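The values are calculated or read from the model by the stated rules, or taken from the named source; none is laboratory data. What you see is a predicted model; the values in this text were computed from it and never measured. Cβ: placed from backbone, ideal geometry, glycine included. Neighbour counts: every protein chain shown. These accessible areas exclude ligands, DNA and RNA; they are computed on the full protein's heavy atoms, side chains included. Shrake-Rupley method; radii C 1.70, N 1.55, O 1.52, S 1.80 Å.
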Amino acid sequence: MVNVLFAGTDENWNTYRELIPEALASRGVSANFTRDLPPETVDYIVYSPLGPVQDFAPFTRLKAVLSLWAGVEKVVGNKSLKVPLCRMVDGGLKKGMAEWVAGHCLRYHLGMDAHIVNPNAEWRSGMAPPLAEDRTIGILGLGELGQACAKALNCLGFKVAGWSRSLKDVQGVACHAGESGLTALLGQSEILVLLLPQTPETTHIINAKTLAMLPKGACILNPGRGPLIDDDALLDALDTGHIASATLDVFAKEPLPEGHPYWAHQRVTVTPHIASETRPKSAAEVVADNVARGESGKPLLFVVDRSVGY
Ligand SMILES: NC(=O)c1ccc[n+]([C@@H]2O[C@H](COP(=O)([O-])OP(=O)(O)OC[C@H]3O[C@@H](n4cnc5c(N)ncnc54)[C@H](OP(=O)(O)O)[C@@H]3O)[C@@H](O)[C@H]2O)c1
């Protein structure tokens with residue numbers, strides 16, 4: 001019998017209390033899945049940073065921590081964590097992100113706002129948008145979510161460029177890496193999508209210098225993490241008109257504080273960290289897969305490389 005501790009929120013528990021045992025049973029894993037186990041008996045922890053476990057030291061026989069979140073910046077530096085940390089890579093999360101990114105890209109591509117908000121009822125001709133095939137969208141981060149979005153944008157006909165730490169080969173995507181690759185991607189991205197993890201290297205990657213590299217009138221979508229953007233630099237670039245608009249889903253401080261300039265800015269859309277969320281049904285399968293793999297001696301899936309922070 002394998003002991004799996006659920007260390008998520010109360011709300012998560014109601015969602016997962018049946019899904020995870022069912023997924024484990026369907027893999028032939030006999031498990032004790034509960035929220036209350038003596039730490040020294042726990043084999044796996046199903047983890048959320050909003051849950052009760054912050055100190056892993058008492059979990060002396062722990063084999064792995066299985067995160068319900070894709071982003072692991074809140075746990076990756078935890079010094080008490082000595083076992084593998086697996087992040088969430090879930091088909092539902094990828095589909096949701098591709099839908100959110102495609103929707104917000106189409107809004108900017110088609111110039112929808114000019115027609116949705118037209119208080120003087122003006123008939124403004126000559127505003128037909130270009131074809132998607134004549135528009136380049138750049139994606140910073142060509143991982144699980146970045147590639148899912150690239151595929152969706154490709155299907156809509158956009159030219160897609162992507163940037164990652166290691167150079168990728170993704171069909172339909174002009175792939176870049178390194179500093180010169182970043183410069184090349186930014187120079188052509190009329191819409192820029194941020195899907196990097198939050199690490200020391202990616203913090204404030206969007207700053208006054210990189211914003212200036214974007215074409216005048218570019219739009220930014222940030223469903224990655226708030227600290228990717230230097231907020232003051234973005235507000236300046238919006239005010240000068242160099243950046244036309246931004247849709248921001250994630251922020252340095254969440255919830256975004258009352259009175260933050262983003263709330264009132266006419267060309268900023270705030271969404272409350274809802275771009276995509278872990279979908280319980282598919283996520284339970286991912287958790288169960290990893291427990292089954294761990295128990296049969298197979299390598300775990302989606303193990304975080306703690307040396308790079310994601
Ligand atoms: N807003 C939301 O609702 C929501 C939901 C889920 C996730 N997220 C965010 O989305 C992020 C991405 O998720 P994912 O599953 O796609 O992660 P992932 O598979 O780990 O992909 C991360 C990508 O970023 C690249 N990267 C990392 N550090 C870099 C650097 N210093 N320079 C250049 N490229 C770098 C990686 O390059 P390599 O491929 O070379 O490693 C990889 O392509 C998460 O970390 C999380 O913060 C947000």
Sorted by chain and number, the residues with a modelled amide H under 5 Å from that of T269, at a separation of 5 or more or across chains, are A246, T247, L248
The long-range amide H neighbours of A70, using H built 1.01 Å from N in the peptide plane and a cut-off of under 5 Å, are M88
What ³J(HN,Hα) values, in whole Hz, does the Karplus curve 6.51 cos²θ - 1.76 cosθ + 1.60 give for the stretch 43-52 when θ = phi - 60°, with x put for Gly and Pro?
8, 9, 10, 8, 10, 10, x, 8, x, x
I need the phi-derived Karplus couplings for the stretch 27-33: 6.51 cos²θ - 1.76 cosθ + 1.60, θ = phi - 60°, integer Hz, Gly and Pro marked x.
9, x, 9, 8, 10, 9, 10
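Only helical DSSP H runs with n ≥ 4 go in: add -39500 (n - 2.57) per run for the chain, normalise by residue count and round the 222 nm mean residue ellipticity to 500 deg cm²/dmol. Numbers along the way, then the final one.
On the way: 9 runs with 100 residues, N = 310.
After summing the helix terms and dividing by the residues of the chain, the value is -10000 deg cm²/dmol.
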Note down the net charge around V2, summing +1 for each Lys or Arg and -1 for each Asp or Glu among other residues with Cβ under 10 Å from its Cβ.
-1
Pop a pseudo-label 7 angstrom from the Cα along the beta-carbon direction at both T240 and R27 and give the gap in nm to one decimal.
5.1 nm
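Would you mind getting the accessible area per residue of the stretch 138-206, heavy atoms of the protein chains only, 1.4 Å probe, in Å²? Spell out each step's value before the answer.
Values: 3020 Å² over 69 residues.
Normalised by residue count, the accessible surface of the stretch 138-206 is 44 Å².
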With all protein chains present, the chain has a carbon and sulfur share of its accessible area (1.4 Å probe) in percent of 54 percent
Using a Cα distance threshold of under 15 Å, what count of lysine pairs results for the chain when pairs must be 8 or more residues apart or interchain?
9
Lys and Arg at +1, Asp and Glu at -1: add these up for the other residues within a Cβ distance under 14 Å of L142 and post the number.
+2
In the stretch 64-146, the chymotrypsin sites (Phe, Trp or Tyr not before Pro) that sit in a DSSP loop and have at most 13 other Cβ atoms within 10 Å of their own Cβ are W123
Helix 280-295 vs. the chain, principal-axis angle (Cα, 0 to 90°, nearest 10):
50 degrees
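Stick to the Cα atoms of the stretch 82-239, pair each with every other, and give me the Kirkwood hydrodynamic radius in Å at one decimal.
Working: mean 1/r = 0.0604 Å⁻¹.
Taking the inverse mean of 1/r over all distinct Cα pairs, the stretch 82-239 comes out at 16.6 Å.
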So, counting K/R as plus one and D/E as minus one, what does the shell of residues with Cβ under 15 Å around T15 add up to?
-3
In debye, nearest 20, what is the charge dipole magnitude of the stretch 87-212 about its Cα centre with +1 on Lys and Arg Cβ and -1 on Asp and Glu Cβ, if you could check?
140 debye
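If you put +1 on each Lys and Arg Cβ and -1 on each Asp and Glu Cβ, how big is the dipole of the chain around its Cα centre, in Debye rounded to 20?
On the way: 28 positive and 33 negative charges, 137 e Å.
It works out to roughly 660 debye.
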Search the structure for amide H atoms under 5 Å from the amide H of V193, placed 1.01 Å from N in the peptide plane, and list their residues when 5 or more places away or on another chain.
G138, I139, L140, L221
Over the chain, relative contact order from alpha-carbon pairs under 8 Å, at least 6 apart, %:
19 percent
